[in-house]
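Have a look at the structure below, then the notes.
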Amino acid sequence: MNAEERRKFVEDHRTAIFGYNRANDGPSMSVVYYVMDGEDILVSTMFERAKAKAVLRNPKVSLCVLDEKWPLTYLQVYCNAVIERDIEAATDLLVRIAGLMAGQPMPDSIRPNLRSLAEEEKRVVLRLKPYQTFETPPRHVNKPEDTRDLTHWLGSVLPWK
């Protein structure tokens, strides 16, 4: 994929595995919905959750963007993250993510409900600024004959832009 195709892949999908370093032990991963905002990727979380705490310790995070269709395709995106604590931005993001989850835009009438939720849960926006991607061409076996030409090779680390 070229840079435009990688960006389009991220734009066209909605779920990812959010990866970050834990304070102790190994890395952690969490399934998230996300939306794009220009070149940035936005993720909603609670300020008291581990994702936000990890970003405060170290802004280097990764997203493994999932295709959601079989055979599974994915794109790893490496990002620098910042936390935005503005309640309006957190509410806007919840409205967008609710629409993404439902597969349709949400009416303005739900905004007060989601604002209350954002306040109650101390929601924040994780603004992820991609700088690099990693891709590996998928290999799939759909029938026994596919194993005759099955090959693997190393993936590629590529800049976001």
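The table for this structure:
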quantity: Principal-axis tilt of helix 111-121 within the chain, Cα atoms, nearest 10 degrees; calculated: 90 degrees
quantity: Correct choice for Rg and Dmax of the Cα atoms in Å that was computed from the model, options (i) 17.5, 58; (ii) 21.5, 82; (iii) 19.0, 72; calculated: (i)
quantity: Likely footprinting exposure, THR91, THR136, fewest C-beta neighbours within 10 Å first; calculated: THR136, THR91
quantity: Burial ordering of HIS13, HIS140, fewest other beta-carbon atoms within 10 Å first; calculated: HIS140, HIS13
quantity: Residue-averaged [θ]222 nm for the chain, counting only DSSP H segments that reach four residues, each worth -39500 (n - 2.57); calculated: -8500 deg cm²/dmol
quantity: ILE83 paired with ASP108, simple spin-label distance in nm, labels 7 Å along Cα-to-beta-carbon; calculated: 3.3 nm
quantity: Filter on LYS60/LYS129; LYS53/LYS161; LYS8/LYS143; LYS69/LYS129 - keep pairs with C-alpha separation over 20 Å; calculated: LYS53/LYS161; LYS8/LYS143; LYS69/LYS129
quantity: Cβ-based net charge around PRO59, under 11 Å, with every Lys or Arg adding one and every Asp or Glu removing one; calculated: +4
quantity: Relative contact order [Cα under 8 Å, 6+ residues apart], segment 30-161, whole percent; calculated: 29 percent
quantity: Positive-end extreme of charge dipole, the chain - chosen from PRO71, ASN24, ILE87 (charges on Cβ); calculated: ASN24
quantity: R0 of 30 Å, Cβ-Cβ distance VAL31-LYS143: FRET efficiency to nearest 0.05; calculated: 0.50
quantity: Rounded to the nearest 20 debye, dipole of the chain from Cβ charges on Lys, Arg, Asp, Glu; calculated: 420 debye
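None of the figures in this text is laboratory data; all of them are computed from the coordinates on show. Since we're looking at a predicted model, the values are computed, not measured. Neighbour counts are summed over all protein chains in view; Cβ atoms, including those assigned to glycine, are modelled from backbone coordinates with ideal geometry.
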